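Structure record follows, encoded as structure tokens.
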Amino acid sequence: MSENRYNNLIGEKLEEAILREKELGTSDLEIGKKYGVTYRYIEKVVTKNKGINVSEIKNRHKIKSLFPKNFTLETTSIWSFKQRGDWATHNGAYRGNYSPYIPRNIILRYSEPGETVLDCFCGGGTTAIEAKLLGRKCLACDINEQAIALAEENLNFGINTLPFPDNEIKEFFEPELRVGDARDLSWLESNSIDLICTHPPYANIIQYTNNKEGDLSFLDVEEFLQEMAEVAAENFRVLKPGRQCAVLIGDMRRKKHVIPLAFKLINVYLAAGFRLRELIIKRQHNCKTTGFWYESSIKNNFLLLAHEYLPVFEKPEEREAGKTLKVQEEAPGLIINRERLESTIKINQLETTTVWLFPRDKKEELTDKNIIKRYSSGDKFEIVKIDASDKKSNGIKLRAKKDLELVWVKSPALNLDDGKGVNPQDYLERLQSLSFEIQPSLRSGGYLAIETRDLRREQHLIPMAKLIVDLLRDEAWWLKEIIVVTEADGQKKFVQGGNLDFLDIMHSYILVYERK
């Protein structure tokens, strides 16, 4: 027997053993230990043999309830679900599917009973299940026929099988599913969909088929974005004017630096004609912050990705098409000043994920300490701030030393009255000028950290962090981290009967750049 044939035979036997274990319900961790294989290898074996990337081969989920307990609509820009949700047939068997709390919130906020919801990356049917439970019609497609089969299985339940809350929903609809490509929605008429709620792959992070032609999850970033441009164009065509399109997307990491896939995809949808209504941060809760992970985070100096983005786009009304956003031309000037660090707070451990939650009264000091301790040593740092002022500032001179390890740029101007008095273009120009001015003082391998936050103008959201990432793409800087900072006690601010038109922006960002 040849060596290749022998190795193939061993591989086939190993795959058979792994599939038997999966049939028995053995966990991936136990399989990995028993056969000395990785989680990714187990994933590939299941996908190759079953045509779908699932963690469970047999569906053992039993319906206990048809709705979540103690549910309230999210009203801020930070969404955090410690439990993914297991009402109806929802489960986490389909790799990478999103929490049902996401489509439930989106459907309730942006549609009415009887309206039509589209999901063009159906997967296991999370959006379709929620549409069915909430009395909305649903059209859903997926390029993988095995995913559609799984979604149909998950949708095989009756509304009257268990107690259901008494509400205004009077009629329920069975979702219509089909095998189809998100880039080609020719089976739908233009301006026919009331809401789009979908969850595409994150480029090639997780593969969802066994190399099926047209599967976007096998494409690297740039090719993925090119194909998503076709998806965005079709989304724009089929959506009714004035209605919303929500897309969950996350970032990637390579060579210890973040790839801002979410911001890149937002640009794709904006180029298709959409405008941005909301930019929601969805926290992840499976992030280890102690032990081995803590040591690795400090040693290798990078953070665990602990958030995803949920941009909510809007198709402009026909009368608003081509209308540009007006900014305040007579806004107060911006001045750049040096600032001294006067914090007395001591911290024993640094933050190790991309989401930082601090008490309101200590947020600024703890943010300062984490940035300074992680990205500098001793006193080799400078703090500068961009503030509103009636004066004009031509720039700032840093210390004569040319070996700074960190320049930490804070933006109090954006925090004052939610930045309503700031001209965004002026702010971006000041930041760009500052990025040039500090280069001679910052050593190669040093860091530029920029605090910023999104702003709201009329019905638009101005994604300042995304705009800065778009701006600072010269050869001097390499984006290392996108950090989200929010108040530990400010995630839920539900007010019964309050204004639900727009979400309260409860987070800021820190963009960390490395000096090349």
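The values are calculated or read from the model by the stated rules, or taken from the named source; none is laboratory data. Just so we're clear, the structure is a prediction, and the values are computed from it rather than from any experiment. Note that each Cβ is placed from the backbone with ideal geometry, even for glycine, and that neighbours are counted across all protein chains shown.
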Considering only residues of region 85-134 that are hydroxyl-bearing (Ser, Thr, Tyr) and closer than 19 Å to residue 153 by Cβ, which is modelled with the lowest pLDDT? 94
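Does residue 110 qualify as being farther than 26 Å from residue 47 by Cβ and of a type in the set (Phe, Trp, Tyr)? It would help to see each step written out before you state the result.
Details: farther than 26 Å from residue 47 by Cβ: yes; of a type in the set (Phe, Trp, Tyr): yes.
Criteria met by residue 110.
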All positions within region 74-84 that are in a loop (DSSP other than H, G, I, E, B), modelled with pLDDT of 90 or more and of a type outside the set (Phe, Trp, Tyr): 74, 75, 77, 80
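Which residues, taken from region 448-478, are closer than 19 Å to residue 514 by Cα and of a type in the set (A, V, I, L, M, F, W, C)? Before you say what the answer is, go through the steps one by one.
Taking region 448-478 as the starting set, the residues that turn out to be closer than 19 Å to residue 514 by Cα are 448-452, 465-478.
Once the filter is applied, which keeps residues that are closer than 19 Å to residue 514 by Cα and of a type in the set (A, V, I, L, M, F, W, C), region 448-478 yields 448, 449, 450, 465, 467, 468, 469, 471, 472, 476, 477, 478.
Determine whether region 163-176 contains at least one residue that is out of contact with any strand residue (DSSP E or B) (no Cβ under 8 Å at 6 or more places or on another chain), among the acidic types (Asp, Glu) and part of a helix (DSSP H, G or I). Please lay out each step first, then the result.
Within region 163-176, the subset out of contact with any strand residue (DSSP E or B) (no Cβ under 8 Å at 6 or more places or on another chain) is 163-172, 174.
Now drop any that are not among the acidic types (Asp, Glu), which leaves 166, 168, 171, 174.
Restricting the remaining residues to those that are part of a helix (DSSP H, G or I) gives none.
So far as region 163-176 goes, no, none of its residues is out of contact with any strand residue (DSSP E or B) (no Cβ under 8 Å at 6 or more places or on another chain), among the acidic types (Asp, Glu) and part of a helix (DSSP H, G or I).
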Pull up region 423-436, narrow it to residues that are touching a strand residue (DSSP E or B) at 6+ places or on another chain (Cβ under 7 Å) and either modelled with pLDDT under 90 or charged (D, E, K, R) (or both), then point me to the one that is surrounded by the most Cβ atoms within 10 Å (Cβ to Cβ). 430
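Please go through region 352-380 and give me each residue that is free of Cβ contacts under 8 Å to residues at least 60 places away in the same chain and of a type outside the set (S, T, N, Q), ordered by number.
Within region 352-380, the subset free of Cβ contacts under 8 Å to residues at least 60 places away in the same chain is 361-362, 364-366, 368-370, 372-373, 377-380.
Listed by number, the residues that qualify are 361, 362, 364, 365, 366, 368, 369, 372, 373, 378, 379, 380.
Considering only region 218-318, give the helices (runs of 4 or more DSSP H) lying wholly within it that have at least 1 residues that are modelled with pLDDT under 95 and touching a Ser or Thr at 6+ places or on another chain (Cβ under 7 Å).
Details: elements: 221-238, 261-271, 291-300.
Here the list reads 291-300.
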Would you confirm whether or not region 340-347 contains a residue that is on the phi > 0 side of the Ramachandran plot and either modelled with pLDDT under 90 or not assigned by TED's automatic domain parsing to the domain that holds residue 432 (or both)? no
Within region 189-212, which residues are in contact with a strand residue (DSSP E or B) (Cβ under 7 Å, 6 or more places away or on another chain), assigned to a loop (DSSP other than H, G, I, E, B) and of a type in the set (A, V, I, L, M)? 203, 205
In region 249-281, anything among the aromatic types (Phe, Trp, Tyr) and within 20 Å of residue 315 (Cβ to Cβ) is listed as 269, 274
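To keep it simple, each residue is scored yes or no on (1) buried (at least 20 other Cβ atoms within 10 Å of the Cβ); (2) part of a loop (DSSP other than H, G, I, E, B); (3) of a type in the set (Ser, Thr, Tyr).
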site	(1), (2), (3)
72	no, yes, yes
92	no, yes, no
98	yes, yes, yes
112	no, yes, no
135	yes, yes, no
Test for residue 148: is it surrounded by 14 or more Cβ atoms within 10 Å (Cβ to Cβ), touching a strand residue (DSSP E or B) at 6+ places or on another chain (Cβ under 9 Å) and not in a helix (DSSP H, G or I): no
List the pairs whose first member sits in region 229-240 and is under 19 Å from residue 138 (Cα atoms), whose second member is surrounded by fewer than 18 Cβ atoms within 10 Å (Cβ to Cβ) and of a type outside the set (Lys, Arg), and whose Cβ atoms are under 6 Å apart, counting only residues at least 6 apart or on separate chains? 236/273; 237/190; 238/192; 240/191
Mind listing whichever residues of region 181-210 are more than 25 Å from the chain's Cα centre (by Cα) and within 14 Å of residue 147 (Cα to Cα)? 210
Determine whether residue 246 is closer than 20 Å to residue 315 by Cβ and surrounded by fewer than 17 Cβ atoms within 10 Å (Cβ to Cβ). no
